[in-house]
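The values are calculated or read from the model by the stated rules, or taken from the named source; none is laboratory data. Note that the structure is a prediction, hence the values are computed from the model and not measured. A quick note on method: Cβ atoms are made from the backbone with ideal geometry, for glycine too, and the neighbour counts reach across all protein chains shown.
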Amino acid sequence: MAVRWPRYPLVYEINTRVWLQDLSARHKRPVTLATVPPEELAPIAALGFDAVWLMGVWATGPEPVWVARHDGPLRAEYARALPDVTDDDIIGSPYAISRYEVAEGIGGPGGLQVIRARLATHGMRVILDFVPNHIARDHRLVRERPEAMIRGTTEDHARDPRSFFRSRSGAIVAHGRDPYFPAWTDTAQVNFASRDGRDAMRDALVRIASQCDGVRCDMAMLVLPDVFARTWEGRLGPAPVFDSFWKEAIPAVLARHPRFLFLAEAYWGLEDRLHEEGFHFTYDKELYDLVRNRDAAGVRHHLRRPAAFQDRSARFVENHDEARAVTAFGRMSRAAAVTTFCAPGLRLFHEGQLQGRTVRIPVQLARRPEEPRDDDLLDFYARLLSVLQQPILKEGVFRPVDVRQAGPTDHTNDAMVAASWRGPRDHGTRTFLVVSNLAGTKGYARIPLDPVLFQAGRQYRVLDHVDGREYTRDGGEISDPGLFVALEAFQAHVLEITDGTSGDSDGIAAAGRL
């Protein structure tokens, strides 16, 4: 029987095709999923990751590759990311899936079985992609079951050739789309008002689930019945009524694989809806945007949403769709990571993030530019991930805490965010306190903690999980007026507070800076 997932899993996203190309260059031989050197997997496990998301393993056919190579705006994007790009580097989008079979060029189905087994020996699971909304325009479903697709007319194709295409069988089919953006011209839109369309995608999902331990579902909100009906209004027949795909498909998988994990890419405030549909975790793009905008008040408010929302959120500071964290957040990137990943939920890290890569690679490419490794940032992430492996931060109780003024005329605390963690059954005082400063100037604050736990006249040990230094503080100060902190611009504390009398008596302002 599959092992239970942690309450708050640590997940490592790898752009599989780019990663294997890098490994092939480094080891001077072709590397596939079946032949990844063991020394490349062990460091991922050592950092404490519970799962690897192998992004982009499914087969891409000739039509998506052709589109990717001949799309002018995409070519410009490739050149910005990879100035010496060639056609050989452009292998099509992994989100225009021609077959839900592992591409032979990266090792095929057998290669996936090998790397999954090897990751399991390190205690790591495998997550793969599922793209419900659309398929590649050369997927056999387009040819064999056109009734499963959103159809158009010859007039539609003539009027809007970027939204419709003529399939090999002659049918006019809509490209997949998000209602707020142009259509994806390498895809074909599945019709979720059609029984044929829902059955085909449910069956694909069930087959995927036999090959991995979880799925990341691309743009999962697009196939919610009301969203889908609004997006394709006028093309579904009069007053279409159809069932929820997720409420049908997720139970079908869980009946066979009870410990399977469902992660949704989700936007538009529909996260709670998708939780109700059966998803274990949904993207928390709102937190990402609040932190990026340095909106400390908004972050504090967001982290006070109900525990049910917090526990089922997927936190990230970058992924393959977003700018690299060091580019997006600049000097604030470390404070952003502490604020984001020390919140509850699934913690999603992206390959290259830990090393400080700055270039986001379009998903259609198989190669990326060489970049120097930032060893200082790598050390920072190693320390942060060590903290996130603490049982309290994997299974414990999270509470945002007040960030009060350090003095009557000082308002620099307004730019700070703080939260505490305690064990679910821990009756002692052991507490983790996380504080970050989202401002570009130095800030001061008092952080009051529970007076029931921290008593006046009793000494408490404060351990800095960054440099190992220890401090002693009186419980009266910790509970009222609160632990004094002083943070430089864009810095953060991660502090462990326990009973104890040993340690340095210097001010805490110098401690815990990540």
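List of remarks:
- Qualifying residue in the range 120-135 (condition: free of Cβ contacts under 8 Å to residues at least 12 places away in the same chain, loosely packed, with under 13 Cβ neighbours inside 10 Å and not polar (S, T, N, Q)): no
- Residues of the range 314-328 that are crowded, with 23+ Cβ neighbours inside 10 Å and either touching a helix residue (DSSP H, G or I) at 6+ places or on another chain (Cβ under 9 Å) or closer than 17 Å to LEU378 by Cβ (or both): ARG315, PHE316, VAL317, GLU318, ALA325.
- Within the range 392-412, restricting attention to residues that are in contact (Cβ under 8 Å) with a residue 12 or more places away in the chain and part of a loop (DSSP other than H, G, I, E, B), the residue that is surrounded by the most Cβ atoms within 10 Å (Cβ to Cβ) is VAL403.
- Given (1) at pLDDT 95 or above; (2) loosely packed, with under 15 Cβ neighbours inside 10 Å, index of the condition PRO64 fails: (2)
- Residue match in the range 340-353 (condition: closer than 25 Å to GLY214 by Cβ, at pLDDT 95 or above, of a type in the set (D, E, K, R) and surrounded by 20 or more Cβ atoms within 10 Å (Cβ to Cβ)): yes
- Residue in the range 88-95 that is surrounded by fewer than 17 Cβ atoms within 10 Å (Cβ to Cβ), within 26 Å of ARG357 (Cα to Cα) and not β-branched (Val, Ile, Thr) present: yes
- Flag not set for ALA42, criterion: in the same structural domain as SER93 (by TED's automatic domain parsing), over 23 Å from the mean Cα position of the chain (by Cα), surrounded by fewer than 20 Cβ atoms within 10 Å (Cβ to Cβ) and aliphatic (A, V, I, L, M).
- Test for PRO372: is it surrounded by 15 or more Cβ atoms within 10 Å (Cβ to Cβ) and either of a type outside the set (A, V, I, L, M, F, W, C) or over 29 Å from VAL326 (Cβ atoms) (or both): no
- Any hit, the range 413-423, residues being polar (S, T, N, Q) and in a helix (DSSP H, G or I): yes
- Residue in the range 216-231 that is under 23 Å from the mean Cα position of the chain (by Cα) and at positive phi present: yes
- Residues of the range 472-490 that are surrounded by 23 or more Cβ atoms within 10 Å (Cβ to Cβ) and over 16 Å from TRP421 (Cβ atoms): VAL485, LEU487.
- Condition check for ARG430: over 25 Å from the mean Cα position of the chain (by Cα) and of a type outside the set (A, V, I, L, M): yes
- Any hit, the range 90-111, residues being over 26 Å from PHE262 (Cβ atoms) and aliphatic (A, V, I, L, M): yes
Matching residues to (1) surrounded by fewer than 21 Cβ atoms within 10 Å (Cβ to Cβ); (2) assigned to a helix (DSSP H, G or I); (3) touching a residue at least 12 places away in the same chain (Cβ under 8 Å):
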site: CYS212; (1), (2), (3): no, no, yes
site: LEU222; (1), (2), (3): no, yes, yes
site: ASP226; (1), (2), (3): yes, yes, no
site: GLU233; (1), (2), (3): yes, no, no
site: GLY237; (1), (2), (3): yes, no, yes
site: ASP243; (1), (2), (3): yes, no, yes
site: ALA252; (1), (2), (3): yes, yes, yes
site: PHE262; (1), (2), (3): no, no, yes
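- Filter pass, LEU23 being touching a helix residue (DSSP H, G or I) at 6+ places or on another chain (Cβ under 7 Å), without any contact (Cβ under 8 Å) to a residue 60 or more places away in the chain and assigned by TED's automatic domain parsing to the domain that holds HIS139: yes
- Restricting attention to the range 410-461, the residues being under 26 Å from GLU395 (Cβ atoms) and among the acidic types (Asp, Glu) number 2.
- Of the strands (runs of 3 or more DSSP E) contained entirely in the range 164-204, those carrying at least 2 residues that are outside the structural domain of ALA229 (by TED's automatic domain parsing), aromatic (Phe, Trp, Tyr) and more than 15 Å from ASP243 (Cβ to Cβ) fall at 164-166.
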